[in-house]
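Below: the structure, in structure tokens.
Every number in this text was worked out from the coordinates using simple rules, so none of it is lab data. Nothing here was measured: the structure is a model prediction, and the numbers come from that model. Here the Cβ positions follow ideal geometry from the backbone for every residue, glycine too, while neighbour counts run over all protein chains shown.
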Amino acid sequence: MQVHTVATVPFTDQKPGTSGLRKRVPTFQKAHYLENFVQSIFDTIAAPPGATLVLGGDGRYYNRAAIQIILKMAAAYGFGHVLVGKGGILSTPAASCVIRKYATYGGIILSASHNPGGPDGDFGIKYNTANGGPAPEKITEAIFAASKKIAQYRIADAADVALDTLGDSRLGDMTVSVIDPVGDYAGLMESLFDFAAIRTLLEGGFRIKFDAMHAVNGPYAREIFVRRLGAPADSMMNAVPLPDFGGGHPDPNLTYAHELVEILYGDDAPDFGAASDGDGDRNMILGKHFFVTPSDSLAILAANAHLVPGYKQGLAGIARSMPTSAAADRVAAALNVPCYETPTGWKFFGNLMDAGKVTLCGEESFGTGSDHIREKDGLWAVLFWLNILAVRKQSVEAIVREHWARFGRNVYSRHDYEGIPNDAANGVMKLLHDSFASLRGAQFGHLQVKLCDDFSYTDPVDGSVSTGQGVRIIFTDDSRIVFRLSGTGTEGATLRIYLEAFEPDVSKHHLDAQQALATLISIALKISELRERTGRERPTVIT
Ligand code: VG1
Ligand code: CO
């Protein structure tokens, strides 16, 4: 095998965000751009010669070309074996599953998750470690540092690998195994949930609709729901992955998954609806004419985990990201297990799961998962809900309302202002920081500010500290407003405002969240000067 050593110069913008490096496709197509970042990963992780790597992506535009480049660089680097999903496909949870099951050194996942795809859309790449989880900050920072001083990369001169045929081939001294992307993952799901009970539920006329949003989960959903659980084929929608996700935004929320939302809120609606995102790790759960917030979903899965075979032995603990509502904290208290509050991003859950401190984790951004892998897992969450529904034989809405009656309701909403100018977004955040002193103790109607700060986290396992994780304004009644800048966007800035208030009174649980949170929303707009500084009258997305 001939290996070329190619001279290169650093790009200055290869800093991984909340979940890997995400840029527009034309940026990744620039000469040496992908190669520089991949070499920076390899130089940082220092894998021993002959190590095994997992490789796959969500199938978006540029996936195949990137995989061919990475295979040739992996061979030049000295990997002995690469497991690559057929067609270059692996959902993010499936990649995590495969990394763990075959005890590999790590994996590279190609995805920009919920960001749009296509020639002018987004592409992304991230590295996961041997536990199957996203590399911790220590490693992503070292990768960024390596990318700033890279001078050369190495790539094998070899023919492209046939990605559409299962089986082994050689690339120089390295073996490339093209594997079935679905089988290992589907088997893991079958080991956690009561498939017989779910099958009986579906046979009994319980109707579901799953929207794969033209993204990676289509083949996974068809194998699991249709082939293994007997759901009718037409209960799957947009289940053929497309490189541009059909021109849509593969983000399962009330705005971007409106096709599914209209069906679940329409006449003759099915009993249950769900959707997942570009790379299959997010989930949205709907009942008939009913939306379950992701924060409530985490709490409800935790409260009902004893009904599910894989979790009936109990939970070690629960973790949620800081902006996620405290609904899960109430369940943890009732179960007498710890609840951890981490910064946004799944990489912060890995240490807690590896140390056996938590079993379930969740984020308000439609991410839920457990220690079965080290990524959030869209289909896992859907199966968890179906398992609970099969046992409890109640509607989604009835289960949520009973949960609120028992624990109280953490009324919650997130307002996203997408694609605003960076200067305006930074100005809002600076203003908030500058206002900390005057905000402390300030009175807004019946609400008084108890605490305001920029959230920082000390990892209880390795002691690492992460600062600047979002501005929190917490009132004396524990309602709160959180401001955070997104770390996954590629164009301008996205400002997120998270709003939460606790409502113990059952007679008020029917209220619309926007109505119930109206006071907090107006305080948030006032203290941030958001409208004045961005010229935006309303959020782009409300969830
Ligand atoms: C967003 C979410 C965060 C999630 C991340 C990756 O990050 O808020 O909770 O972990 O996306 O999810 P940010 O920095 O844009 O708020 V995925 O499914 O896009 O990999
Ligand atoms: Co995702």
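Mind checking the full-extension length gain between His258 and Glu341? Use 0.36 nm per residue of separation minus the Cα-Cα distance, one decimal, nm.
Additional length available on full extension: 26.8 nm.
Looking at this model, which pairs from Lys138/Lys376; Lys138/Lys357; Lys23/Lys312 are more than 31 angstrom apart at the alpha-carbon?
Lys23/Lys312
If R₀ is 22 angstrom, what is the calculated FRET efficiency for the pair Asp268 and Glu203, using the beta carbon separation as r and rounding to 0.05?
0.65
Sequence neighbours fewer than 8 away in the same chain don't count; with that in mind, list the lysines whose C-alpha is under 29 Å from Lys450.
Correct list for Lys450: Lys430, Lys508, Lys526.
Rounded, prolate or oblate: which fits the range 175-270 when a ≥ b ≥ c are the square roots of the eigenvalues of the alpha-carbon gyration tensor, with rounded for a/c under 1.5 and prolate only if a/b beats b/c?
Oblate shape, in that a/c is at least 1.5 and b/c is the bigger or equal ratio.
Restricting the count to DSSP beta bridges whose residues both fall in the chain, what percent are antiparallel, rounded to a multiple of 5?
About 70 percent, rounded to the nearest 5.
Report, by chain and number, residues whose modeled amide H sits under 5 Å from the one on Ile285, excluding near sequence neighbours (fewer than 5 apart, same chain).
Val292
May I ask for the distance between the Cα centers of the range 430-506 and the range 227-306, given as a whole number of Å?
What the calculation gives is 29 Å, centre to centre.
Order the peptides 380-390, 130-140 from the highest to the lowest mean number of other Cβ atoms within 10 Å of their residues.
380-390, 130-140
With only Lys, Arg, Asp and Glu charged, each at its Cβ (+1 for the first two, -1 for the last two), find how big the charge dipole of the chain is about the Cα centre; round to the nearest 20 debye.
580 debye
I'd like to compare 108-117, 278-287, 431-440: which one has the highest average count of other Cβ atoms within 10 Å, and what's the full order after that?
278-287, 108-117, 431-440
For the residue pair Ser169 and Ala398, what label-to-label distance in nm results when each label sits 7 Å from Cα along the Cα-to-beta-carbon direction?
5.5 nm
If we count every other residue with Cβ under 13 angstrom of Ile481's Cβ, Lys/Arg +1 and Asp/Glu -1, where does the sum land?
Local net charge: +3.
Can you tell me the length gained on complete extension of the stretch Thr5 to Lys312, counting 0.36 nm per residue apart and subtracting the Cα distance?
Answer, rounded to one decimal: 105.1 nm.
What is the distance, in nm, between label points placed 7 Å from the Cα along the Cα-to-Cβ direction at Gln448 and at Glu537?
My value for the distance between the label points is 3.8 nm.
Helix 33-45 sits at what angle to the longest principal axis of the chain, using alpha carbons and giving 0 to 90 degrees rounded to 10?
Around 90 degrees separate the two axes.
What whole number of Å gives the distance from the Cα centroid of the range 4-33 to the Cα centroid of the range 144-175?
So the two Cα centres are separated by 16 Å.
Between Ala196 and Ile69, what length comes free when the chain is fully extended (0.36 nm per residue of separation minus the Cα-Cα distance, one decimal in nm)?
Residue separation times 0.36 nm, minus the Cα-Cα distance, leaves 41.4 nm.
Roughly what angle does helix 183-192 make with the longest principal axis of the chain, taking Cα atoms, 0 to 90 degrees, to the nearest 10?
30 degrees
Based on the mean of other beta carbon atoms within 10 Å per residue, what is the order of 32-40, 216-224, most packed first?
Averaged packing, sorted descending, gives the order 216-224, 32-40.
Just to verify a number: FRET efficiency for His289 and Ala159, C-beta to C-beta distance, R0 = 60 Å, to 0.05?
0.65
Going by alpha carbons, how many degrees (0 to 90, nearest 10) lie between the helix axis of 63-77 and the longest principal axis of the chain?
With rounding to tens, the tilt is 60 degrees.
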